[in-house]
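Visitor: Quick one: the structure is below, and I'll ask about it shortly.
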Amino acid sequence: MAIDLAHARNLMPLLDEGKPDARGWMTRRAAAGLIAAFVIITPILPGNLPIASWVGLGMIYVIVGLSVNVLIGHAGQVSLGHQAFVGVGAFMGALSTTRWGLPFLLSVVVAAASGAIAAILLGVVALRLSGLYLALITLAYGEIAEKVIFNVPAITGGGAGVLVNRPAGFESNVAIAYLCMIFVGLALFLDWRLMKSKAGRAILALRDNEIAARSVGINTTYYKLFAFVLSGALAGIAGALLAPWARSVNAATFDFKLALTFVLMTAVGGLQSRAGIFVASAFFAIFPLAFNQFTIYVLIIGPLLLLLTLIQFPGGMGQQLRPFTNWLTGGPFSMKREHAGISSGGSGGRP
Amino acid sequence: MAVLSVRDLSIRFGGLQALADVNMDVNEWEIVGLIGPNGAGKTTFFNCVMGVYTPTTGSVSYRETPITEMPTHERASLGIGRTFQNIGLVKSVSVMENMLVGQHLKARYSPLAGLFGLPSSFREEKVLKANALEILHFMGLLPYRDERVSSLPYGIQKLTEIAVVLSGDPDMLLLDEPTSGMRPEEAHQFGDLLLKLRSELNLTVLMIEHHVPLVVRVCDHVYCLNFGKLLAAGTPDEIRNHPEVVAAYLGTEE
Amino acid sequence: MLTFIIIGIIQGAVIGLLALGIVLTYKGAKVFNFAQAEFGTIAAFFLVLFTQVISLPYLVGWIVALAATGAVGFLFERVVVRPLFNAPRVTLLVATAGFALLAIALELRIGGTTTQQVPPIAEGVLVRIGTFNVTIQQGITLAIFAVLAVGLNYFFAKTDLGLAVLATSQEPVATELVGIGTKRMSAFIWSFAAVLGGVAGMLQAPDTIFEPGFMTRNFLLLAFTAAVIGGITSLQGAFVGGLLIGVFRQIMNYLDVTYLEEAPILHGIPGIPELAVFVLLVVVLYVRPKGLLGTEA
């Protein structure tokens, strides 16, 4: 079938229909700039509070949230053992710099690759199992990572964990915070480009209806594994940043509670909403640090928010933020997109 | 040359023989109808042709190439497009997004190029969008391009699914009850569309249908299945007067 | 080796009780209840609360704690399970996991991080087998397990209520039509599952380091593996699976301690028994997902 290119060129301007004019874009860009400026400024705000340290962890959690979102949001999988990928990245990153003397950026690559490998192992299982059984396996996988792999003496050198030096020139909390921010920018960019390209669309398609996806030529096996690899790589990067931020890595960090926290911050943030995930992840990282004596309350509020999200507001924060994010990206100030909840695609409903 | 050739196709699910020794030939530029009562095995047949199911015995060939062992996504790349009874679209995104999904095979850039935002991906995406607009225009669906599929009326969703399948540049269409839920006037319009698609786009069509007037009007050949077996095959007139076909339907015509 | 097997049987009893709760909630809601083990921790916390803080007599405290745990299960069914009745099963699963996390958080808040010590029902040794002293507590555990195994078998096969529960899980619409209230059945199932978890937790607590989340941390995956191996739809399978997993794990422990100390690569790896159970779970899910006695995968 030949496209009448002249005619097609006549239709292309339709893509710009309904978009804001020059002034509209200016206002939006100004707003976006203000928000970005606010975020960027936070580590160097004056005062007694270690805000820079908080922002650093917040950024790390945002990367994890985006990583979880690739699996649960985009690909419609389950991941109750995600802390394993972050942990693998953290340990490999730590060992790279501390024991093998690699430069920091290389350690991030190693961590990303390790996270990807850890994830693809699970991905292979996910080709065969789904739903509840997959959820069970991911939980088990996470637990094995915590109890077995991260405790191997060759890796951890004993129960105390691995001590990590910060990369040269980045010793201060402010520097680490900005380093993490750069990687958040990278992660956001990757997620944005992913969903605007064929890989992201393929992943989305296989979530909703795998057979239909195959029928248009999508190799669902390839793209499922692609999602796991990308998710694992992002988690690994987060781990590689976590190691210098915390200055040490030990197995006890990566337990069931952390796995659940990651799931709940992504769900509460709103699956597939970068804005929501950003806010929720940062919140769940910073709140316990900022209100130390109320750490317990976060562990209480977190699950409560999760239950609320699952039962009442499947779109999470993303859905609440939607009017604003729609406007920011050139649309009207309205709730344009209804939100899918966890596992809303594929075989999920009560039999 | 037969575009689609099916020989002795049988499939068993546990104790149920869902298809038994089905033979079919669909020739170039034909519109072939596949009819039969509910549960006769028509969608199962499609699933075997597309590789969703693996038949117990028998073979499927596409333009002389045996495809019985080929995975579904590879069969699609040969030029077969297929629609589903419950609408195989990504319902949570827009029509336009679905049109881009449908062109998955035409996006030649590598997944990583897309992930990192390399220029080649931007260029190709533009071509895909242009192509999508063209087809939507052809189908009269341009006004719906940014609407989320799940918010559209059922009939529009069905047309969208056809548009998405067309966007992949197929040679052959497998349509599973494309007019279900349509009023008679709409089904008639759909018949016009089919004839137009066949002549302007050189398509071959195999269609599962219940709408007898449509089948009679549009199909060159009709196959009738019942309980997994081929009951009769012939021209629409031969089939509609075939005693066994009539008996199978118990005289109920829509 | 005999010692390990005996320990395995005793732990198997606890695991089996949890697995039973898992099978029950699966039959009732077609979901994997990731909070099943945590009901045990909750009950143990109630036990400490009632016997040490409020100073009720031990056995009274035991019963009250059990009732309180059942109430928690009932509440959970009302507040979470019921609203998500038509939601995808994975959503409900995540909700149960979230509830487990919430419970652990509350335990941390109320109990603090200091580990408690729960006394057993009765101190002392019951019998000595080989070199191993079986405590009275452990004997009671086995006895309760055996009684429940026989009793529940009878309950679900012969009594009206039991048959109603099974009917509800298999054919909710039909049973509703016949007049059995599915809502009440659902409430019963979850309360009872919570009670089973509570029994397991309170029997186990004296033998374990009692900290927030200890039942989930130590037993959740074991219980699920047991349920899957026994057959996720089989109540008898839960008992069988529990014993199997308990013994299997201890045998792996024995092998690890005895042989792997000298093995070239493997000797450094901690958690070999856990790893073995994980491998077993994967194998079973790949090869025979419906388990030994189950009817569906």
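Visitor: Name the residues in the range A:192-230 that are open to solvent by 10 Å² or more (accessible area, probe 1.4 Å), assigned to a loop (DSSP other than H, G, I, E, B) and in contact with a Gly (Cβ under 6 Å, 6 or more places away or on another chain), would you?
Guide: A:Asn209, A:Val216
Visitor: Here's another thing I want to ask about it. Can you spot a residue in the range A:175-187 that is in a helix (DSSP H, G or I) and within 12 Å of chain B (Cβ to nearest Cβ)?
Guide: The initial filter retains those residues of the range A:175-187 that are in a helix (DSSP H, G or I), namely A:175-187.
Within this subset, residues satisfying the condition of being within 12 Å of chain B (Cβ to nearest Cβ) are A:186-187.
Checked against the condition, which is being in a helix (DSSP H, G or I) and within 12 Å of chain B (Cβ to nearest Cβ), the range A:175-187 yields at least one hit.
Visitor: Among (1) modelled with pLDDT of 75 or more; (2) of a type outside the set (Asp, Glu); (3) farther than 23 Å from C:Thr41 by Cα; (4) open to solvent by less than 40 Å² (accessible area, probe 1.4 Å), which single condition is C:Leu101 missing?
Guide: (3)
Visitor: Look at A:Ala154 and say whether it is open to solvent by 40 Å² or more (accessible area, probe 1.4 Å), farther than 20 Å from A:Ala233 by Cβ, of a type in the set (Gly, Ala, Ser) and part of a loop (DSSP other than H, G, I, E, B).
Guide: So A:Ala154 does not fit the description; no.
Visitor: Conditions: (1) modelled with pLDDT of 80 or more; (2) more than 24 Å from A:Lys19 (Cβ to Cβ). A:Ala275 meets all but one. Number of the miss?
Guide: If we test A:Ala275 against (1) modelled with pLDDT of 80 or more; (2) more than 24 Å from A:Lys19 (Cβ to Cβ), just (2) comes out false.
Visitor: How many residues does the range B:130-153 contain that are in contact (Cβ under 8 Å) with a residue 40 or more places away in the chain, touching a helix residue (DSSP H, G or I) at 6+ places or on another chain (Cβ under 7 Å) and open to solvent by 30 Å² or more (accessible area, probe 1.4 Å)?
Guide: Final tally of qualifying residues: 3.
Visitor: Among the candidates C:Ala37, C:Ala87, which residue alone is in a helix (DSSP H, G or I) and out of contact with any strand residue (DSSP E or B) (no Cβ under 6 Å at 6 or more places or on another chain)?
Guide: Values: C:Ala87 fails: in a helix (DSSP H, G or I).
Only one candidate passes the filter, namely C:Ala37.
Visitor: Follow-up question, since we're still on this one. Tell me whether the range A:128-135 contains one or more residues that are farther than 21 Å from A:Arg99 by Cα and more than 7 Å from every other protein chain (Cβ to nearest Cβ).
Guide: Pass one, the range A:128-135, residues farther than 21 Å from A:Arg99 by Cα: A:128-135.
Right, trim to more than 7 Å from every other protein chain (Cβ to nearest Cβ) and you get A:130, A:134.
Yes, some residue in the range A:128-135 is farther than 21 Å from A:Arg99 by Cα and more than 7 Å from every other protein chain (Cβ to nearest Cβ).
Visitor: Return the residues of the range B:73-102 that are more than 7 Å from chain A (Cβ to nearest Cβ) and open to solvent by 40 Å² or more (accessible area, probe 1.4 Å); say none if nothing qualifies.
Guide: Residues satisfying the conditions are B:Glu74, B:Leu78, B:Gln85, B:Asn86.
Visitor: Collect the residues in the range C:32-52 that are hydrophobic (A, V, I, L, M, F, W, C) and crowded, with 24+ Cβ neighbours inside 10 Å, keeping them in residue-number order.
Guide: Initially, the range C:32-52 is screened for residues hydrophobic (A, V, I, L, M, F, W, C), giving C:32, C:34-35, C:37, C:39, C:42-50.
Selection gives C:Phe32, C:Phe34, C:Ala35, C:Ala37, C:Phe39, C:Ile42, C:Ala43, C:Ala44, C:Phe45, C:Leu47.
Visitor: Could you pull out every one of the helices (runs of 4 or more DSSP H) wholly within the range B:67-182 that has 2 or more residues that are of a type outside the set (Phe, Trp, Tyr) and under 23 Å from B:Val205 (Cβ atoms)?
Guide: Details: elements: B:72-77, B:95-102, B:111-115, B:119-139, B:154-167.
Correct list: B:72-77, B:95-102, B:119-139, B:154-167.
Visitor: What's the number of the condition B:Val127 fails, among (1) within 12 Å of another protein chain (Cβ to nearest Cβ); (2) within 13 Å of B:Gln103 (Cα to Cα); (3) buried (at least 18 other Cβ atoms within 10 Å of the Cβ)?
Guide: Just one mismatch for B:Val127, condition (3).
Visitor: Scanning for something open to solvent by 10 Å² or more (accessible area, probe 1.4 Å) and assigned to a helix (DSSP H, G or I), does the range A:70-92 turn up at least one residue?
Guide: Looking for residues that are open to solvent by 10 Å² or more (accessible area, probe 1.4 Å) and assigned to a helix (DSSP H, G or I), one finds at least one in the range A:70-92, hence yes.
Visitor: So, of the residues in the range C:53-62 that are free of Cβ contacts under 8 Å to residues at least 24 places away in the same chain and part of a helix (DSSP H, G or I), which turns out to be surrounded by the most Cβ atoms within 10 Å (Cβ to Cβ)?
Guide: Pass one, the range C:53-62, residues free of Cβ contacts under 8 Å to residues at least 24 places away in the same chain: C:53-57, C:60-61.
Checking the rest, the ones that are also part of a helix (DSSP H, G or I) come to C:53, C:60-61.
Numbers: C:Val53: 9, C:Val60: 12, C:Gly61: 21.
So, considering only residues that are free of Cβ contacts under 8 Å to residues at least 24 places away in the same chain and part of a helix (DSSP H, G or I), the one surrounded by the most Cβ atoms within 10 Å (Cβ to Cβ) is C:Gly61.
Visitor: Would you say B:Lys42 is surrounded by fewer than 22 Cβ atoms within 10 Å (Cβ to Cβ) and under 30 Å from B:Gly140 (Cα atoms)? Quick ask: steps written out before the conclusion?
Guide: Values: surrounded by fewer than 22 Cβ atoms within 10 Å (Cβ to Cβ): no; under 30 Å from B:Gly140 (Cα atoms): yes.
No.
Visitor: Something else about it: Take the range A:237-270 and flag every residue that is within 11 Å of chain C (Cβ to nearest Cβ) and part of a loop (DSSP other than H, G, I, E, B). So that I can check it myself, show each step before the final result.
Guide: Keep residues of the range A:237-270 that are within 11 Å of chain C (Cβ to nearest Cβ), which gives A:251, A:255-261, A:263-264, A:266-268.
The answer is A:Asp255, and nothing else.
Visitor: What's the number of the only condition in (1) modelled with pLDDT under 80; (2) more than 14 Å from every other protein chain (Cβ to nearest Cβ); (3) in contact with an Asp or Glu (Cβ under 9 Å, 6 or more places away or on another chain) that C:Leu126 fails to meet?
Guide: (3)
Visitor: Could you list, in sequence order, the residues of the range B:130-145 that are over 11 Å from B:Leu159 (Cβ atoms), of a type in the set (Gly, Ala, Ser) and more than 7 Å from chain A (Cβ to nearest Cβ)?
Guide: B:Ala132
Visitor: So in the range B:89-115, with the set limited to residues that are free of Cβ contacts under 8 Å to residues at least 24 places away in the same chain and hydrophobic (A, V, I, L, M, F, W, C), which one is farthest from A:Trp192 (Cα to Cα)? Write out each step before concluding.
Guide: Filtering the range B:89-115 down to residues free of Cβ contacts under 8 Å to residues at least 24 places away in the same chain leaves B:97, B:107-115.
Add one more test, that the residue is hydrophobic (A, V, I, L, M, F, W, C), and what stays is B:107, B:112-113, B:115.
Details: B:Ala107: 18, B:Leu112: 13, B:Ala113: 13, B:Leu115: 8 Å.
Restricting to residues being free of Cβ contacts under 8 Å to residues at least 24 places away in the same chain and hydrophobic (A, V, I, L, M, F, W, C), the top hit is B:Ala107.
Visitor: Turning to a different aspect of this structure: Looking at the range B:224-250, I want the residues that are closer than 23 Å to B:Glu30 by Cβ and have a partner that is of a type in the set (Lys, Arg) and surrounded by 15 or more Cβ atoms within 10 Å (Cβ to Cβ) with Cβ atoms under 6 Å, at least 6 apart or on another chain. Which pairs are those?
Guide: B:Leu225/B:Lys42
Visitor: Can you spot a residue in the range B:106-117 that is closer than 18 Å to A:Ala202 by Cα, among the charged types (D, E, K, R), open to solvent by 10 Å² or more (accessible area, probe 1.4 Å) and at the interface with another protein chain (Cβ under 8 Å from one of its Cβ atoms)? Let's see the steps before the verdict.
Guide: Quick first cut of the range B:106-117, residues closer than 18 Å to A:Ala202 by Cα only: B:106-117.
Next, only the ones that are among the charged types (D, E, K, R) stay: B:106, B:108.
Those still in the list that are open to solvent by 10 Å² or more (accessible area, probe 1.4 Å) too: B:106, B:108.
Then drop every residue that is not at the interface with another protein chain (Cβ under 8 Å from one of its Cβ atoms), which leaves none.
No, the range B:106-117 has no match at all.
Visitor: Yes or no: the range C:71-86 includes at least one residue that is without any contact (Cβ under 8 Å) to a residue 12 or more places away in the chain and surrounded by 17 or more Cβ atoms within 10 Å (Cβ to Cβ).
Guide: Among the residues of the range C:71-86, at least one is without any contact (Cβ under 8 Å) to a residue 12 or more places away in the chain and surrounded by 17 or more Cβ atoms within 10 Å (Cβ to Cβ), which makes the answer yes.
Visitor: Kindly indicate the residue of the range C:125-156 that is farther than 17 Å from C:Val14 by Cα and in contact with a strand residue (DSSP E or B) (Cβ under 9 Å, 6 or more places away or on another chain) and also most open to solvent (accessible area, probe 1.4 Å) among those meeting that condition.
Guide: Let us first name the residues in the range C:125-156 that are farther than 17 Å from C:Val14 by Cα, namely C:125-133, C:153-156.
Next cut, in contact with a strand residue (DSSP E or B) (Cβ under 9 Å, 6 or more places away or on another chain) only: C:125-128, C:133.
Values: C:Val125: 83, C:Leu126: 104, C:Val127: 66, C:Arg128: 145, C:Asn133: 65 Å².
The extreme case among them is C:Arg128.
Visitor: Just to be sure before I move on: is C:Thr175 buried (at least 16 other Cβ atoms within 10 Å of the Cβ) and modelled with pLDDT under 85 in the structure I sent? I'd like the intermediate steps shown before the answer.
Guide: Numbers: buried (at least 16 other Cβ atoms within 10 Å of the Cβ): yes; modelled with pLDDT under 85: yes.
Against the criterion (buried (at least 16 other Cβ atoms within 10 Å of the Cβ) and modelled with pLDDT under 85), C:Thr175 qualifies.
Visitor: When residues of the range A:8-42 are filtered for being under 29 Å from B:Asn131 (Cβ atoms) and charged (D, E, K, R), how many remain?
Guide: Residues meeting the conditions: 5.
Visitor: If the requirement is being under 29 Å from B:Gly79 (Cα atoms), at pLDDT 90 or above, over 19 Å from the mean Cα position of the chain (by Cα) and crowded, with 16+ Cβ neighbours inside 10 Å, which of these qualifies: B:Leu230, B:Leu206? Talk me through it step by step, then tell me what you get.
Guide: Working: B:Leu206 fails: over 19 Å from the mean Cα position of the chain (by Cα).
The conditions single out B:Leu230.
Visitor: Separate question: So which residues in the range C:187-213 are part of a helix (DSSP H, G or I), touching a residue at least 40 places away in the same chain (Cβ under 8 Å) and open to solvent by 10 Å² or more (accessible area, probe 1.4 Å), if there are any at all? I'd like the intermediate steps shown before the answer.
Guide: Here is the first cut: in the range C:187-213, the ones part of a helix (DSSP H, G or I) are C:187-207.
Now narrow it down to the ones that are touching a residue at least 40 places away in the same chain (Cβ under 8 Å): C:187, C:189-207.
Within the range C:187-213, C:Ser191, C:Phe192, C:Val195, C:Val199, C:Gln204, C:Pro206, C:Asp207 qualify.
Visitor: Let me ask you something else. Checking A:Phe85 against (1) within 27 Å of C:Asn218 (Cβ to Cβ); (2) within 14 Å of chain C (Cβ to nearest Cβ), which single condition isn't satisfied?
Guide: Of the numbered conditions (1) within 27 Å of C:Asn218 (Cβ to Cβ); (2) within 14 Å of chain C (Cβ to nearest Cβ), the odd one out for A:Phe85 is (2).
Visitor: Further, regarding this structure: Could you tell me which of the residues B:Arg183, B:Arg217 is at pLDDT 90 or above, surrounded by fewer than 18 Cβ atoms within 10 Å (Cβ to Cβ) and over 15 Å from the mean Cα position of the chain (by Cα)? Working first, answer last.
Guide: Details: B:Arg183 fails: at pLDDT 90 or above.
That would be B:Arg217, the only listed residue that is at pLDDT 90 or above, surrounded by fewer than 18 Cβ atoms within 10 Å (Cβ to Cβ) and over 15 Å from the mean Cα position of the chain (by Cα).
The values are calculated or read from the model by the stated rules, or taken from the named source; none is laboratory data. All of these numbers come straight from a predicted model, not from anything done at the bench. No Cβ is skipped: glycine too gets one built from the backbone with ideal geometry, and neighbour counts run over all protein chains shown. We work out accessible area using only protein heavy atoms, side chains counted, and drop any ligands, DNA or RNA first. Shrake-Rupley method; radii C 1.70, N 1.55, O 1.52, S 1.80 Å.
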